[in-house]
1. Can you list the helices (runs of 4 or more DSSP H) lying wholly within region 63-178 that have 1 or more residues being surrounded by 14 or more Cβ atoms within 10 Å (Cβ to Cβ) and in contact with a Gly (Cβ under 6 Å, 6 or more places away or on another chain)?
2. Kindly evaluate Glu404 against the criterion of being assigned to a helix (DSSP H, G or I), acidic (Asp, Glu) and at pLDDT 65 or above.
3. Could you tell me whether Gly368 is at pLDDT 80 or above, under 30 Å from Asn41 (Cα atoms) and not hydroxyl-bearing (Ser, Thr, Tyr)?
4. Return the residues of region 337-376 that are under 30 Å from Ile446 (Cα atoms) and among the aromatic types (Phe, Trp, Tyr); say none if nothing qualifies.
5. Specify which of the listed residues (Glu204, Glu194) is under 19 Å from Leu101 (Cβ atoms) and surrounded by fewer than 21 Cβ atoms within 10 Å (Cβ to Cβ).
6. Leu322 - would you say it is surrounded by 13 or more Cβ atoms within 10 Å (Cβ to Cβ) and in a helix (DSSP H, G or I)?
7. So, Asn279, is that one at pLDDT below 90 and either outside the structural domain of Met26 (by TED's automatic domain parsing) or within 29 Å of Ile95 (Cα to Cα) (or both) or not?
8. Of (1) under 14 Å from Val134 (Cα atoms); (2) of a type outside the set (S, T, N, Q); (3) not assigned by TED's automatic domain parsing to the domain that holds Ala128, Ile82 satisfies all except one. Which?
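The values are calculated or read from the model by the stated rules, or taken from the named source; none is laboratory data. Everything numeric here is computed off the predicted structure, so don't read it as measured data. Cβ sites come from the backbone with ideal geometry, for glycine too, and all protein chains shown count toward neighbours.
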Amino acid sequence: MFKNAFAYVTRKSLKSLIILLIILSMSALSLISLSIKDATNKASEETFGNITNSFTMEINRRVNQGTARGGGNVRGQDIKKIVDSGHVDNFVKRINSVANLDDNLDIVQAPGAGQNESAERAKNFKRAVMLTGVNSSQKETKFVSGAYKLVEGEHLNSEDKNKILMHKDLAAKNNLKVGDKIKLKSNLYDADNEKRANETVEVEIKGLFDGHGKSAVTYNQELYENTLITDVHTAAKVYGNTEDTATYQDATFFVKGNRNLDQVIKDLKKLDINWRSYNLIKSSSNFPALQKSISGIYSIANQLFAGSLIFAGLVVTLLLFLWMNVRKKEIAVLLSIGISKTKIFGQFAIELLFVAIPAFIGSYFLAGYTGKMLGNSILQKVTGSIAKQIARQSASTKLGGGAEVDGFNKTLTSLDVSINPKALLYVVLFMSIVLAIALVISSSNILRKKPKELLIDTK
């Protein structure tokens, strides 16, 4: 049987070559699609970090308009209730405030920023910087997302007091370094300084970070360079508050990987908190472009995988059906000399196997050669479409500039597509099932006939 199968495959070399090329190309395409999904998973994990298993407590703007400046007004007591619930593993809370630098320090100027700014506002906010007070800068969303990156020094932790992280460009502009101390002063003209606090806080630079926004800004304060990451105490004090009495922008809560995030959120909704004022949002939802790029690539990869299997099945079935008709006389003779239909079918299967094995092996190398190129081509196609869509959304919602917008617009930038031998096993399994079905469909009609009927059909 093996000898006859090998003889037929080599004798009908053109037929064998055509089927081999079909199986080769479709297997390679299936293999690439699985590898793209695997690369997308890795890129997603690297981009999101542990934020994928976290959620953020934000104000519900339908019923809660926030602070005078439009920021969040999350109550510290409500944050504490969630922390003490036992459902979360860790958390980071944020205070957004505005302060002035020392009179001997200057902020970074953005080209074109402040053109429509009144002379009075320009004077009142000449040295104003944005403060983001956090209990853990390492878990701060902009660091997790990659918008900010620590380049020198150490991150802030919950034990820090009167410590800051400064953008390296702002530090360079003012000849500052890690370990230097500066003074921050309350800005009396900031709308969120409701107590009209006039505090001065001396802070030490604990680290420097980098990161540059891609969006245009209206005011200099929207620049990454003019944002200071501070401890919670410092950000609260410039408004005349303490950590307990401060108003928080939002809070992000981290859940252990073995916990179901949806169930955790459902359980927290039972706490004694005025939930009409808040929304609990999965933190991955804060990066819609990133989520869409991941799901878009997944969708195309799934379509490639399914499409390649279906195409291979249909084409191979058609070819085998046509070539089976040519072999009616051969099959009739085999049946006449007593060869069972099972053995004849077995020979067909071995013939297909002789063609499929080198095709599967070849697909591994073909996929390795073309996978990265095809993966990045798909990535560019998906992200290009999403970028236009997100740009329209951001414009319509008037998000403005700064890190929040860049997080909103963030997409996957590259895919490291590598062919996993495990993926080849899946491809071989699924493609073998498809080929087996194709063989059964193409041969069943002929093998049901008697030798006499087959000989008549050949005339």
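1. Values: elements: 76-83, 119-124, 141-145, 168-173.
Per the criteria, 141-145.
2. Working: assigned to a helix (DSSP H, G or I): yes; acidic (Asp, Glu): yes; at pLDDT 65 or above: no.
The answer is no for Glu404.
3. Values: at pLDDT 80 or above: yes; under 30 Å from Asn41 (Cα atoms): yes; not hydroxyl-bearing (Ser, Thr, Tyr): yes.
Here the answer is yes, as Gly368 does meet what is asked.
4. In the first step, residues of region 337-376 are kept if they are under 30 Å from Ile446 (Cα atoms); the result is 337-360.
Answer for region 337-376, where residues must be under 30 Å from Ile446 (Cα atoms) and among the aromatic types (Phe, Trp, Tyr): Phe345, Phe348, Phe354, Phe360.
5. Values: Glu194 fails: under 19 Å from Leu101 (Cβ atoms).
One residue alone meets the criteria, Glu204.
6. Details: surrounded by 13 or more Cβ atoms within 10 Å (Cβ to Cβ): no; in a helix (DSSP H, G or I): yes.
Criteria not met by Leu322.
7. It is false that Asn279 is at pLDDT below 90 and either outside the structural domain of Met26 (by TED's automatic domain parsing) or within 29 Å of Ile95 (Cα to Cα) (or both).
8. (1)
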